[in-house]
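Each remark here refers to the structure printed beneath this line.
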Amino acid sequence: DARNPMLAYLDQAPEPPRVIDALILTHPHDDHYPGAEGVVRHFDVCDYYDPGYPDTTKRYEAFLHLVREARCHGEPVRMHMGRETFGTLDWGSELDVKVLYAWPGSPTGLGHGNTLVNNASIVLKITWGTQSILLMGDAEGKDRNGLADMPRYAEQRLMAEYGAAGLKATVLKVAHHGSETSSTNPFIAAVDPKYVIVSSGRKSFGGTFLPDRTALERYCAHNPAIRIFSTDQNDAAEHRTTRDDADGDNIMIRMNADTTIVTAAASGRPYIPTTCTP
């Protein structure tokens, strides 16, 4: 808990929240949910949303047990396991909150192994006035060696169901840490974001570090003025590794009905985005 930046941020707020209305787990990969363990221990959680993917790893089962033992105003957490149990997410009259996608209950057309788990991700869109954010979890759009012009998996399903009218967003939290398996060209064109947020570190995957440069280049090709913010800012130049890459590059998105501002949560200073090269 002492190393959990989200927990520290919540605790340092002028009026620290004691109740978390909704805790949403995108999918049961252990690079996504362990940070929520500290939140569950230190705050009341009222509603928990889970894609319902049938994962039985011991750490995930222990996490679910922790959530079930938590309380909201002394009452058990309301557990929403699977999209069919979500109902309507009512976060007040000003916000429009929609789950666009989650584990459909069948693996057909969603890949295998880690790809399948990634494509079980909850995809959430939050709209406030003219501003919106699309949170993709690890939902994928292609195989690593697949064609960037031919969406597959979750991206294909999202485009078929919603099209550009339903996917367009001011801010896009890029799927799968900016991997080459995310961000096909038709999907980028449909979302047409002004800001792109990438959550990544300095872990080597056979010599490849995320985000993939090719994925970022697709955003730049779509819109050279796009602003890309990544939590691995300067990590390569500073020779960081997984031991020291948690260096305060936490991204804060502040949004109201007509304005979006992106800053570094650690200091509040303006965050320097990655620029698109000509």
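Return the residues of region 150-178 that are crowded, with 24+ Cβ neighbours inside 10 Å and among the hydroxyl-bearing types (Ser, Thr, Tyr); say none if nothing qualifies.
Listed by number, the list holds a single entry, TYR153.
Touching a residue at least 12 places away in the same chain (Cβ under 8 Å), over 28 Å from ALA236 (Cα atoms) and among the acidic types (Asp, Glu) - does that describe any residue in region 155-169?
yes
From the list LEU147, LEU135, pick out the single residue that is free of Cβ contacts under 8 Å to residues at least 40 places away in the same chain and either surrounded by fewer than 19 Cβ atoms within 10 Å (Cβ to Cβ) or closer than 24 Å to ASP31 by Cα (or both).
Matching residue, one of LEU147, LEU135: LEU147.
Go over the candidates GLU155, GLU180 one by one and state the one that is within 21 Å of VAL117 (Cβ to Cβ), modelled with pLDDT of 95 or more, touching a Lys or Arg at 6+ places or on another chain (Cβ under 9 Å) and part of a helix (DSSP H, G or I).
Going through GLU155, GLU180 in turn, the sole match is GLU155.
Can you find, within region 201-226, the residue that is modelled with the highest pLDDT among those that are under 17 Å from the mean Cα position of the chain (by Cα) and surrounded by fewer than 21 Cβ atoms within 10 Å (Cβ to Cβ)?
LEU216
Failed condition for PHE187, given (1) aromatic (Phe, Trp, Tyr); (2) closer than 20 Å to ALA148 by Cα; (3) open to solvent by 10 Å² or more (accessible area, probe 1.4 Å), with all others met?
Only one criterion is unmet by PHE187, namely (3).
Tell me, which residue of region 24-43 that is farther than 21 Å from HIS177 by Cβ and in contact (Cβ under 8 Å) with a residue 40 or more places away in the chain is most open to solvent (accessible area, probe 1.4 Å)?
ARG41
Does at least one position in region 86-101 carry a residue that is buried (at least 19 other Cβ atoms within 10 Å of the Cβ), over 24 Å from ILE133 (Cα atoms) and touching a helix residue (DSSP H, G or I) at 6+ places or on another chain (Cβ under 7 Å)?
no
The values are calculated or read from the model by the stated rules, or taken from the named source; none is laboratory data. Since the model is a prediction, treat every value here as computed from it, not as a measurement. Note that we place each Cβ from the backbone using ideal geometry, even for glycine, and neighbour counts take in every protein chain shown. Side chains are part of the model used for accessible areas, which takes the heavy atoms of the whole protein and leaves out ligands, DNA and RNA. Shrake-Rupley method; radii C 1.70, N 1.55, O 1.52, S 1.80 Å.
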